[in-house]
Structure formats: structure tokens, C-alpha cells
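Values in this text are rule-based calculations from the coordinates and carry no lab data. In this text the structure is predicted, and so the values were computed from the model without any measurement. Glycine also receives a Cβ, built like all others from the backbone with ideal geometry; neighbour counts cover every protein chain displayed.
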Amino acid sequence: MEFTDKQLIFAKYLLNRIGFSNDVLINQYLNKLEAVHGRIRNYKFSNSKCFDELLSEIDLKKRFYQIKKKNIQNINTVTATDLSNFHFCPVSYSIEKSFYIEYPTNEDKRISGKELHENLRLVDRIYPSEKITHPERTYPKEFTNPKIEKIKNCKLIFAGHKNENHYFNNPTKSWKGQPDYIFRDPNGDFFAVEEKFKYLHNFDFPIDKELYNYIERIKNTFYNNHIVQLLSYINYIKDYNIKYGVLLYWYYDIDIDIPFVHDARIKVIKSENDQLLTETYESLINFISKKEMEFNINTNLSKCAACVVNKYCIHKTQLFNIVKFPYNKYDLKLKRVIFPEELKNKEKLANKKL
Ligand code: SF4
């Protein structure tokens with residue numbers, strides 16, 4: 001951890017106010033925050049963004065009563081995205097359905113991913129797009145990947161971005177969803193494709209074996225929540241007999257505010273692996289009807305540090321083993337904690353001049 005002693009005291013104070021009470025957990029969470037928000041600036045490591053995030057969470061929780069609620073009474077369908085969000089974390093599902101999220105975490109990466117999704121699709125665009133690559137950069141303007149070429153050569157049946165208002169419905173399951181694409185392969189089989197844009201630093205210098213293996217492990221890890229989403233297209237869309245799905249991850253980095261793609265990986269998902277989908281679907285339906293469920297408090301803090309709704313969450317403190325639907329905003333109230341003696345008269349800290 002790169003925090004100075006004073007930074008550490010201040011960060012712990014903020015996390016105590018948020019509700020963390022266990023020092024081991026606090027250290028783990030700070031490590032994860034640093035991994036997500038730490039930056040090298042002018043050849044020096046800076047964790048000021050970690051404090052921006054913590055102070056913004058404190059600010060939001062000071063005004064928890066102003067958080068705008070959504071009406072969950074209107075929920076009468078489950079979408080493919082709901083299944084994905086719920087599998088990612090039931091708390092995040094509850095928060096996103098309960099509140100208007102005005103202070104999302106990792107907004108810059110979310111926007112870059114969205115822009116890339118709008119500009120750099122599997123079909124209709126070259127990849128990486130000329131529009132979003134810098135003319136003076138040495139990154140390949142277009143890289144080839146035989147597996148992706150194979151998909152592009154199949155017959156396109158449906159493209160979500162061309163039919164934004166078209167959702168496939170399954171009334172038996174009260175489900176609806178819109179895959180990014182449906183293709184037909186040369187054997188005549190239909191398959192669905194879901195593409196995701198994932199931020200990953202591009203090492204444009206020779207990297208050692210250990211780091212290379214680590215990056216390869218990351219690139220070949222496909223998340224179960226995305227697999228659940230794809231499985232729901234395969235099993236619940238009845239308009240086409242979808243035989244299998246393809247999960248496509250584009251890996252991108254951001255250089256001087258310009259996102260660029262540097263790699264891509266795919267995973268083929270077979271229709272018969274539907275146990276994961278059945279369990280997730282049933283658990284979500286139960287949660288919506290019973291309005292609460294048990295929550296495994298051993299949350300993955302790496303996931304929490306990067307989670308889009310983490311400022312609205314109290315469950316990352318690992319103190320709550322029940323999650324409610326809708327989420328209870330009164331639980332977000334800050335704890336009373338005495339300001340550390342060591343930092344008194346150092347108001348500069350509050351201005352992040354640490
Ligand atoms: S911060 Fe962690 S526990 Fe909270 S919603 Fe996000 S992933 Fe779930």
C-alpha cells in the first residue's frame with residue numbers, strides 16, 4: 001500500500017464513518033481502491049482519486065435522505081441485464097432498482113466503454129475505429145483476429161443497435177432481453193453474441209513472463225454474470241432456435257483521454273449449461289417477491305472497489321447478512337466517529353493536500 005501514515009489515518013477515519021469497523025478489512029479495501037483508482041502521474045504514484053471517491057461517498061451519505069427513489073412496484077418483468085446485475089451482486093441489483101444513481105463510481109471508464117460500444121461494434125464498424133484512434137499513435141489501426149472474422153462472415157439476423165426498441169419477450173418467464181447480435185452460422189444454426197468493453201492497461205513495452213501470464217489470466221477470465229445474460233438469450237428467446245452464444249470481450253486502454261482497443265477474446269457458451277441461469281432466475285424471482293434475501297457477507301472487495309454503485313452500499317462493510325428490496329437508504333447514515341487527534345488542525349487534509 002502506498003498511503004502515507006497520515007493518509008492512512010484519514011482514510012480509516014472516513015471508512016469508519018461509512019461503517020467499516022474492522023481494521024483488516026479496511027486495509028484490504030484500501031488496497032483494492034488503490035488498485036482501481038491509483039495512477040502514475042509524472043512518474044509518481046498518486047492515490048488522490050481514492051480520496052476523491054471516499055469524500056464523494058461521505059458527501060452522498062451525509063445527504064442520504066435526498067437520494068431519489070425509484071418505484072419498484074412497476075417491476076413485472078425480469079430482463080437479461082437484471083439477471084446479469086443480480087448475479088454480479090444482489091445488493092447492486094437492489095440499489096440500482098431502488099435509487100436513481102447520480103454518483104456512479106468509475107464513470108469515466110463506463111462512459112469510455114459506452115462510447116466504444118457506440119462507435120466500435122462487431123458489425124458496421126472497423127475496429128479499432130479511425131474516429132477514436134489518434135493519427136500519430138503507433139497502435140495498429142486495425143488488428144485481425146481469425147475467430148472474430150469467422151463471426152463477421154456469418155449471416156447477421158439481428159443487431160440490437162439497429163433495433164433499439166425491439167426486445168425479445170418470453171411471457172412464460174416474464175422475461176425480456178435484447179442481445180447485441182443474432183447470427184446464423186454456415187451450418188444453419190442461430191447464435192447470439194454479447195460484446196463487452198473491458199478496461200485493461202496496454203503494455204506497449206516488453207513485459208516479464210510473470211506479468212504476461214497475469215494479463216493473459218485476466219484476458220481469459222469470463223464472468224459468470226455475463227454468461228448468465230447470454231444463457232438467457234439462448235434459452236428464453238423463442239423467436240429463433242438459438243443453439244449457442246458467443247461472449248466477446250474487447251480490451252481497451254485510455255491514452256490522453258482517447259480510448260483504444262488493443263485486444264479481444266471470445267468464449268463460446270453452449271445452451272445445455274443452463275443450471276447457472278435457472279438458479280439465478282429462481283433466486284431473483286424469490287428476491288423480488290419476498291423483498292429480502294440472505295447475503296453472503298464475505299464479499300469480494302475487488303468487486304466492491306470497482307462497483308458502479310459502491311457509494312450507495314453499506315453491505316461492503318461485511319456487517320449485514322440480509323439485503324432488502326427496495327434498498328433501505330436509512331442504513332446509509334454516517335456513523336459518529338471522533339476526528340483523529342493526529343490530524344487535528346490539519347484542515348488541509350480535508351482539502352486533499354496530503
Ligand atoms: S459495493 Fe460490493 S456489496 Fe456493495 S453492491 Fe457493489 S459489489 Fe455488492
- [ ] Return the sequence-ordered ³J(HN,Hα) values of the stretch 61-71 in whole Hz as given by the Karplus equation 6.51 cos²θ - 1.76 cosθ + 1.60 applied to θ = phi - 60°, using x for Gly and Pro.
- [x] 6, 5, 10, 4, 5, 8, 4, 7, 8, 9, 8
- [ ] List the residues whose amide H sits under 5 Å from the amide H of Thr79, counting only those 5 or more places along or on another chain, with H placed 1.01 Å from N in the peptide plane.
- [x] Lys176
Task: 18 Å Cα-Cα reach of Lys344 towards lysines, excluding residues that sit fewer than 8 places from it in its own chain - done: Lys6, Lys12, Lys352, Lys353
Task: Residues Lys150 and Asp263, FRET efficiency given R0 of 22 Å [Cβ-Cβ distance, rounded to 0.05] - done: 0.80
TODO: DSSP loop (so not H, G, I, E, B), at most 15 other Cβ within 10 Å: list which GluC sites (Glu not before Pro) in the stretch 1-96 pass both filters.
DONE: Glu2
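How do Ser271, Ser46 rank when sorted from fewest to most other Cβ atoms within 10 Å of their own Cβ? Don't jump to the answer; show the numbers that get you there.
Details: Ser271 17, Ser46 13.
Final ranking by Cβ density, sparse to dense: Ser46, Ser271.
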Task: Sparse-neighbourhood loop sites, chymotrypsin sites (Phe, Trp or Tyr not before Pro) in the stretch 42-100 - DSSP loop, at most 12 other Cβ within 10 angstrom - done: Tyr43, Tyr100
Task: Computed lengthening from Leu200 to Ile72, 0.36 nm per intervening residue step minus Cα-Cα distance - done: 42.6 nm
